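Notes to accompany the following structure.
The values are calculated or read from the model by the stated rules, or taken from the named source; none is laboratory data. This one's a predicted model, so the numbers in the text were calculated from it and none came from an experiment. Cβ coordinates were reconstructed from backbone atoms using ideal geometry, including for glycine residues, and neighbour counts include every protein chain displayed. For accessibility, only protein heavy atoms count, side chains too; no ligands or nucleic acids. Shrake-Rupley method; radii C 1.70, N 1.55, O 1.52, S 1.80 Å.
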Amino acid sequence: MPDVLASIALISTLLVAWWLTGRALRSKDDLTPQIARRWTANVRNGLVLVAIVGLLMIWAPQLRTFALSVTAVAVAIVIATKELILCLSGSAFRTFTRAYTIGDLIEIGEHRGEVVDISLLSTRIRAVDARTGSIRASRQSVMIPHSLLFSQPARVLSKAGSTAEHAFTLTFETGFDLFSRHGELEEAAAAAMTEAGFAPTTGDQSRPRIAFMTSDIGRIRLEVSVGAAPGDAGAIENAITTAIGSFVYSKG
């Protein structure tokens, strides 16, 4: 109550001062209209400044308490919505940097797959096999919150409409000399792709490539890599595996 009365008294005093000043300026005949307006504006601005400073001084304790309350509420809101804020910030980051779009094959942290949907808070991907090098699409979908873009590296393995490298291994135990038939194995793999409707292009990464390795117990291991889209990788892998397996066992 004392603060209210003090505020009323201050404003009343300033209004009276404004009225007296205006009356005094109007009573001076030697003042030009331009000078009178200038003095009127200066006095008005000065009185407004005095009113603001005076009201701040009168209400300072209450304003300090209110500011502390507002700060506490703001901090509580930020803590409660931290993940939401990070997701929205991550969405803005993805949009401005054009990091990836629907159809891209991406890897964020331990999650890898084809982007099928992007919302304000998350990205949904169709997950691929957990095998190293595999991009074979699975039936699982994973929701990745955009907050992970600030804590995990994001990689674009291939852009929408292009192919990415799909790798898998085949292990054989046979007395047949596979090492001398490297070219035939690659031709068999390419022919299998063509028969399956995925004809590779010469010199393109979609053409299958085979590298020889051995397992810990001396078996022959073929490391097969081929360019494929995530949705086609499974069919291509099955076609190549069948062709190479038939070739090896027909010779052995």
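Assorted remarks:
- Tensor-based shape of the stretch 152-214 (alpha-carbon gyration tensor, a/c under 1.5 rounded, otherwise prolate or oblate): oblate
- Centre-to-centre, using Cα atoms only, the stretch 102-177 and the stretch 180-232 are separated by 20 Å.
- Among LEU121, HIS182, LEU157 the positive-end extreme of the charge dipole of the stretch 120-210 (Cβ point charges): LEU121
- Taking the helices alone, the chain has a mean residue ellipticity at 222 nm of -17500 deg cm²/dmol, built from -39,500 (n - 2.57) per DSSP H run of at least 4 residues and averaged over all its residues.
- Placing pseudo-labels 7 Å out from each Cα toward the beta carbon at ALA130 and ARG209 gives an inter-label distance of 2.9 nm.
- Accessible area (Å², per residue) of the chain, counting only protein heavy atoms and a probe of 1.4 Å: 62
- Sites excluded, trypsin sites (Lys or Arg not before Pro) in DSSP loops with at most 10 other C-beta within 10 Å, longest stretch of the chain: 99-252
- For the stretch 73-142, the set of GluC sites (Glu not before Pro) satisfying both a DSSP loop assignment and a count of at most 14 other C-beta atoms within 10 Å is given as GLU110.
- Computed in the context of the full set of protein chains, the accessible area of the chain at 1.4 Å probe radius has 61% of its extent on carbon or sulfur.
- Net length gained if the chain between ALA72 and PHE172 were fully extended (0.36 nm per residue, minus Cα distance): 29.2 nm
- Folded to 0 to 90 degrees: helix 33-80 orientation relative to the chain principal axis, Cα: 40
- Charge dipole of the stretch 73-145 (Cα centre as origin; +1 on each Lys and Arg Cβ, -1 on each Asp and Glu Cβ, all else neutral): 100 debye, rounded to the nearest 20.
- Using only side-chain charges placed at the Cβ, +1 for Lys and Arg and -1 for Asp and Glu, the dipole size of the chain relative to its Cα centre rounds to 1700 debye.
- Counting 0.36 nm for each residue step from PHE179 to PHE150 and taking away their Cα separation leaves a gain of 5.7 nm.
- Relative to the dominant Cα principal axis of the chain, helix 182-195 is inclined by about 70°.
- Between the Cα long axis of helix 2-27 and the first principal axis of the chain there is an angle of about 60°, rounded to the nearest 10.
- Distant-in-sequence amide H partners of SER134 (H built 1.01 Å from N, under 5 Å): ALA167
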